[in-house]
1. Is it true that some residue in segment 104-119 is at pLDDT 95 or above, surrounded by 17 or more Cβ atoms within 10 Å (Cβ to Cβ), under 20 Å from Thr265 (Cα atoms) and touching a strand residue (DSSP E or B) at 6+ places or on another chain (Cβ under 8 Å)?
2. Please specify each residue of segment 191-213 satisfying the condition of being assigned to a loop (DSSP other than H, G, I, E, B) and buried (at least 19 other Cβ atoms within 10 Å of the Cβ).
3. Take segment 167-183 and flag every residue that is in contact (Cβ under 8 Å) with a residue 12 or more places away in the chain, surrounded by fewer than 24 Cβ atoms within 10 Å (Cβ to Cβ) and not in a helix (DSSP H, G or I).
4. Inside segment 249-284, can you point out the residues that are more than 26 Å from Ala314 (Cα to Cα) and not hydroxyl-bearing (Ser, Thr, Tyr)?
5. Of all residues being closer than 16 Å to Ser17 by Cβ and of a type in the set (D, E, K, R) in segment 61-97, which is farthest from the ligand (Cβ to nearest atom)? Just the residue, please.
6. Name the single residue that is nearest to the ligand (Cβ to nearest atom) among those in segment 214-257 being closer than 16 Å to Leu169 by Cα, of a type outside the set (Val, Ile, Thr) and buried (at least 17 other Cβ atoms within 10 Å of the Cβ).
7. Applying the selection to segment 140-166, what residues are more than 10 Å from the ligand (Cβ to nearest atom), in a helix (DSSP H, G or I) and touching a residue at least 40 places away in the same chain (Cβ under 8 Å)?
8. Criterion first (within 19 Å of the chain's Cα centre (by Cα), farther than 17 Å from Thr155 by Cα and among the polar types (S, T, N, Q)) does Ser289 satisfy it?
Amino acid sequence: STKPVRIAVTGAAGQVSYALLYRIASGEMLGKDQPVILQLLELPNEKAQAALKGVMMELEDCAFPLLYGMEAHSDPTIAFKDTEYALLVGSRPRGPGMERTELLAANAQIFTAQGKALDAVASRNVKVLVVGNPANTNAWIAMQSAPSLPRENFTAMLRLDHNRALSQLAIRMGKPVSLIKYLAVWGNHGSTMYPDYRFASMEGESVKGIINDDAWYKDVFLPTVAKRGAAIIEARGQSSAGSAATAVIDHMRDWVMGTQGRWVTMGVPSNGEYGIPKNVVFGYPVTCSGGKYTVVEGLEFDEFSQDRIERTLAELISEQDAVKHLL
Ligand code: NAX
């Protein structure tokens, strides 16, 4: 269709957004024939708003044919008006000496307000992706704060973890990433996340069988994926931005355009699949088609994977417990 769609992006002057907005405006997310209007949200302070203006000037200077409009906002109830996609990238980073509970509480406040704003003014079909950490719990909070919107439209980003895991497997096998199918990442976007290669295949053969090295899987692969964010900060002096933006594009494009049977990982509110309590926003392998995702069901767990699922669930429950009195 040539009617433009409204896309809200929060944290729009931050570094993930700086890598993301150009790609949305060039059509990488929703296709090369879909015009877009960007509704950008930043903190109201002068510095953030000035930086946002600068980003918008650059976007103008790109003369993107698909970019039909841009707006700068500091109030989510205006920024989210009629938006069909909401990319919630901005969140409160951990400050020096800040406790985990303080951080969770600060973000609970942000995502309660943003959930309410979506509930009040967004398109009734808005598709929401939470990137800002703690992403799963923030998505859960926004969903709880938006009772009139479809629960299943609130998702959290685990795609960066999925992509990191894919690349590590591909490198290990000396094969292109595109040949690997049926990889799953379970649970929380955090150190307990569980990249699971037991079902993965490459050209019809088991990836686990090809690699045939359980010690590598447990002692090298799992920690490499789990600590990749820290390794990037160590090397680059800044956290992942280009790869995070790529994961946003992948997550949204696949959700909207479908995966043609391929598995991808999305953090989605549980309907009880695999014994995860309802509504916990949990990383699951999914397939997408017709603008909807479906959790892959019927997979079996062994003792190791059961333990990993329980650990990542415990982390999510403890995050929820720390904030639920604030909702
Ligand atoms: P930056 O600090 O560069 O940018 C964040 C921006 O958000 C800032 O410009 C800030 O002013 C703005 N902001 C803060 N609170 C806001 C609010 N209430 N409303 C609107 N804007 C607000 O961080 P960046 O590197 O861009 O990362 C953004 C978020 O993504 C962080 O929370 C980060 O932890 C998270 N990440 C999550 C990933 C994932 O896989 N789920 C990977 C990438 C990234 O680290």
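The values are calculated or read from the model by the stated rules, or taken from the named source; none is laboratory data. It should be emphasised that the depicted structure is a prediction, and the values quoted were computed from it without experimental measurement. Backbone-built Cβ (ideal geometry, glycine too); neighbour counts: all protein chains shown.
1. No, the conditions are met nowhere in segment 104-119.
2. Residues satisfying the conditions are Met193, Tyr197, Ala200.
3. Matches in segment 167-183: Lys175, Ile180, Lys181, Tyr182.
4. Selection gives Ile249, Asp250, Met252, Arg253, Asp254, Trp255, Val256, Met257, Gly258, Gln260, Gly261, Arg262.
5. Step by step, filter segment 61-97, then rank; the result is Glu71.
6. Applying the filter and picking the extreme gives Arg228.
7. Those that are more than 10 Å from the ligand (Cβ to nearest atom), in a helix (DSSP H, G or I) and touching a residue at least 40 places away in the same chain (Cβ under 8 Å): Trp140, Ile141, Ala142, Met143, Gln144, Arg151, Glu152, Ala165.
8. no
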